[in-house]
Amino acid sequence: MVVIVAAVLSTASILLRPFQERNIETAKRTDILMSVDKAQEIRQAENRFEYIEEEYERYITESYVINHRGNIQEGVDAFEVNMREEMRKPAEERNLPIFVCTHDDGSNSYIIPMHGRGLWGPVFGYIALEEDFNTIYGIILDHESETPGLGAEIAGESFQEQFRGKRIFDEDMEFVSIKVIRPADPPIEGHSVDGISGGTITSQGVEEMLYDVLINYVDYFKERKKD
C-alpha cells in the first residue's frame, strides 16, 4: 500500500510540475510588469497566463545580464537568473539582470530584480528606473513571512508609491540609494521614504536590500548616463 501511495504521489508531482513552473514564470513576469505599471487588468483577464504573456511580449523589449563592472555577460538568460542565489556570491561573481520596458510613448524604463532579508524571512521585488538611470519609475515589493499589518505592509500600495520619483544618486552623482526613515527622522529630500509603523526591522531590510543590490549596478548606470 505504501509503495502504491508513493507511486501515485510521485506521478502526480511529475504531472503537476509543468503547471507549477508556468505559475512561477507567470508570477515573475507579472511582478516585472507591475513595477512599471503594466498588467493592470490582470484581474479581469479571462486567461491570466495568456494576458501576462501578451503584456510581457508587448512591453519588455529587451533583457540582458551584466557583471559588477557593468559589462554585458553573453550567454546568460536574464529571466533565468535567481537573484537570491546571486546575492550570496562574492560581488565579482554575480550575474546582474536588467529588463527593459518600452512604454507606449517610446520611453524606456530599466527594471532590476532585488532580494534581501526582512525580520522573519526574505524580502524581494523589482525596481524600475527612468532613462536617467537615477529616478525611480516604480517598485514592487513582497515578502515571504513578515507580520500582517506590520512588516507585511511593504507589499502595500501606500508604501510602494512613496518611491516613485525618488532618486538614487545625489547632485554630485554619488550613489546614496534610498533611506527608509522612522517618523522621528528628518526626511532626506528626494532620497527617503517613510518606514512602516511597527515594522522597523522589515523597513531596514528594504533599505539594506535596495543599497546592497543597486550598488552592484552603479558603474553601469554611470556609464550609460554618459551615452
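The values are calculated or read from the model by the stated rules, or taken from the named source; none is laboratory data. For clarity, every value in this text was computed on a predicted model and none was experimentally measured. Because the Cβ atoms are built from the backbone with ideal geometry, glycine has one as well, and the counts that use them run over all protein chains shown.
The figures follow:
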| item | result |
| --- | --- |
| Among (1) in a loop (DSSP other than H, G, I, E, B); (2) of a type in the set (Gly, Ala, Ser); (3) at pLDDT below 95; (4) touching a helix residue (DSSP H, G or I) at 6+ places or on another chain (Cβ under 8 Å) - the single one Ser203 does not satisfy | (1) |
| Pairs with Cβ under 8 Å, 6+ apart, first in the stretch 85-97 and over 23 Å from Ile32 (Cα atoms), second part of a loop (DSSP other than H, G, I, E, B) and not β-branched (Val, Ile, Thr) | Ala91/His68; Glu92/Asn67; Glu92/His68 |
| Count - residues of the stretch 122-174 that are out of contact with any strand residue (DSSP E or B) (no Cβ under 7 Å at 6 or more places or on another chain) and at positive phi | 2 |
| Any hit, the stretch 39-58, residues being of a type in the set (Gly, Ala, Ser), closer than 24 Å to Phe163 by Cβ and in a helix (DSSP H, G or I) | no |
| Which listed residue, of Ala78, Ala91, Ala45, Ala6, is at pLDDT below 90 and surrounded by 13 or more Cβ atoms within 10 Å (Cβ to Cβ) | Ala45 |
| Every residue from the stretch 78-127 that is farther than 22 Å from Glu207 by Cβ, among the hydrophobic types (A, V, I, L, M, F, W, C) and in a loop (DSSP other than H, G, I, E, B) | Val81 |
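Here is a yes/no grid of residues against (1) outside any strand (DSSP E or B); (2) over 16 Å from the mean Cα position of the chain (by Cα); (3) surrounded by 20 or more Cβ atoms within 10 Å (Cβ to Cβ):
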{"position": "Asp132", "(1), (2), (3)": "yes, yes, no"}
{"position": "Leu141", "(1), (2), (3)": "no, no, yes"}
{"position": "Ser145", "(1), (2), (3)": "yes, yes, no"}
{"position": "Gly149", "(1), (2), (3)": "yes, yes, no"}
{"position": "Phe159", "(1), (2), (3)": "yes, no, yes"}
{"position": "Gly165", "(1), (2), (3)": "yes, yes, no"}
{"position": "Asp172", "(1), (2), (3)": "yes, yes, no"}
